[in-house]
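Quick notes on the structure that follows.
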Amino acid sequence: MKTSIKTYNPYNGNHLETYKLDSKTIIKEKLLLADQTFKTWKQFEIEERVELLQNLANELYKNKQKLSDLMTEEMGKPILESKAEIEKCIYLIDFYIKNAEQFLQDDLINTEAHESFISYDPLGCILAVMPWNFPFWQVFRFAVPTLTAGNVALLKHASNVTGCAIAIEKLFLDAGFPKGCFQTLITDHENIEKLMANDIVKAVSLTGSENAGRKIAELAGKNLKPSLLELGGSNACIILEDVDLDKYIDTIVKARMLNSGQSCIAAKRFIVVESIYEDFIKKFTSKVKELKYGDPTKEDTTISCLAREDLAKELETQVQKSIDRGAKVALGHKREGAYYQPTILTDVTAEMPVFKEETFGPVAAVVKVKNEDEAYLTAANSKFGLGTMVFTSDYEAATDRISEIEDGGFFINEMVKSDPRLPFGGTKISGFGRELSKEGMLAFVNIKTVYINK
């Protein structure tokens, strides 16, 4: 039986730490503490919770370098991107500091009653199952609105970023949140079924793969508990013939290569109208070649290894199977350990793995289409539904196409990205529910109707 977790630096393979798994007794104690803490935490005034949010932001700011170093060590993210992730968490907190009271206030409804309104009551203990690719951001975008709404949280983080998980719990404690408000479980996936069945756990939020989403959705359904699923994506990036490539090429490259390509909302399928195809390939390839691979702790490194070697091997297999079916390598397709070279594939068709599957790494699948109509049809040809981006000089014409795309996001002349001010989530097998903005704050509340007559 597994009793510990070992973490490794994916860039050099060095062993970082060994963590003892929580025993059944410890997990039970954490569940009971969460339940006890909720009874008092839900009574806190919103102003008191918001005050603690400011403390949390201060703790992140004070420890930015140390936390960024930890993130880079555990999953190989270039250090500048790690720092940017911490800064984005601070921005998220600032958004909810300014808006939490408004989002959670009772909504008065005019009816025949003396008084009727909608109140937003917290549910209780919410379980979060989170991935390694954005080890702080993914957790904070769940935890900040969820706790501010009056819930408490248990985190089951990805095992390879266990150090980050422990650091996050410490941040909440150091900020003054009551003990038990936010707890990290050092456990494996085998215990998730037991956690979901426990009456203390009222709901679950998962960011992860399609397979993980199906399992969590099944458990949530079995136990009649709400769930929010943010799953994989294969976002289309449509390049129309009237685009100013010189203006947007840097954004287009970043849309695929940010976080070494390990992002659910990255551009993965580049759908290019044939009249601009050759020019796009030339400029795109030139910019990708400028990415600098190296030690992720160095500030001039712009792309690094993947978080684990098995992930790089899986990506290599997807690319090779696509090549076997006719795709051409314009750049890359070389692997060394956990590093997978930024890769551009052309002559991609809808039957290839790099088109119909999620590629979690720096691989751009380029599809040539005849015209704008075919571009939108090709973009919509996916079982995923996180987001689509369109690059064009005629943004008004692009807005007329919004309804043709079923995804959770539609971005014109910008990469798909999450923003605290806007709801975030997917459709189809990319999941359901929304994080961030007001919708994220209300994801785990009881929307209660109150009706009063004299």
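Tabulated results
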{"read-out": "One residue from 359, 388, 346 being surrounded by fewer than 22 Cβ atoms within 10 Å (Cβ to Cβ) and at pLDDT 95 or above", "value": "346"}
{"read-out": "Single unsatisfied condition, residue 108 versus (1) in contact (Cβ under 8 Å) with a residue 12 or more places away in the chain; (2) touching a Ser or Thr at 6+ places or on another chain (Cβ under 8 Å); (3) over 24 Å from residue 40 (Cα atoms)", "value": "(1)"}
{"read-out": "Condition broken by residue 75, with the remaining ones in (1) in contact (Cβ under 8 Å) with a residue 40 or more places away in the chain; (2) over 24 Å from residue 259 (Cβ atoms) satisfied", "value": "(2)"}
{"read-out": "In the range 70-93, residue nearest to residue 10 (Cα to Cα) [restricted to those that are of a type outside the set (Lys, Arg) and part of a loop (DSSP other than H, G, I, E, B)]", "value": "76"}
{"read-out": "Strands (runs of 3 or more DSSP E) (entirely within the range 376-454) containing at least 1 residues that are over 15 Å from residue 267 (Cα atoms)", "value": "445-452"}
{"read-out": "The listed residue being in the same structural domain as residue 215 (by TED's automatic domain parsing), touching a residue at least 12 places away in the same chain (Cβ under 8 Å), crowded, with 20+ Cβ neighbours inside 10 Å and not acidic (Asp, Glu), out of 415, 441", "value": "441"}
{"read-out": "Residue tally, condition touching a strand residue (DSSP E or B) at 6+ places or on another chain (Cβ under 8 Å) and assigned to a loop (DSSP other than H, G, I, E, B), over the range 351-373", "value": "7"}
{"read-out": "For residue 251: the one exception among (1) buried (at least 18 other Cβ atoms within 10 Å of the Cβ); (2) outside the structural domain of residue 125 (by TED's automatic domain parsing); (3) closer than 22 Å to residue 385 by Cα; (4) hydroxyl-bearing (Ser, Thr, Tyr)", "value": "(1)"}
{"read-out": "The lone exception for residue 300 - which of (1) of a type in the set (Asp, Glu); (2) under 23 Å from residue 133 (Cβ atoms); (3) in contact (Cβ under 8 Å) with a residue 12 or more places away in the chain it fails", "value": "(3)"}
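The values are calculated or read from the model by the stated rules, or taken from the named source; none is laboratory data. In this text the structure is predicted, and so the values were computed from the model without any measurement. Backbone-built Cβ (ideal geometry, glycine too); neighbour counts: all protein chains shown.
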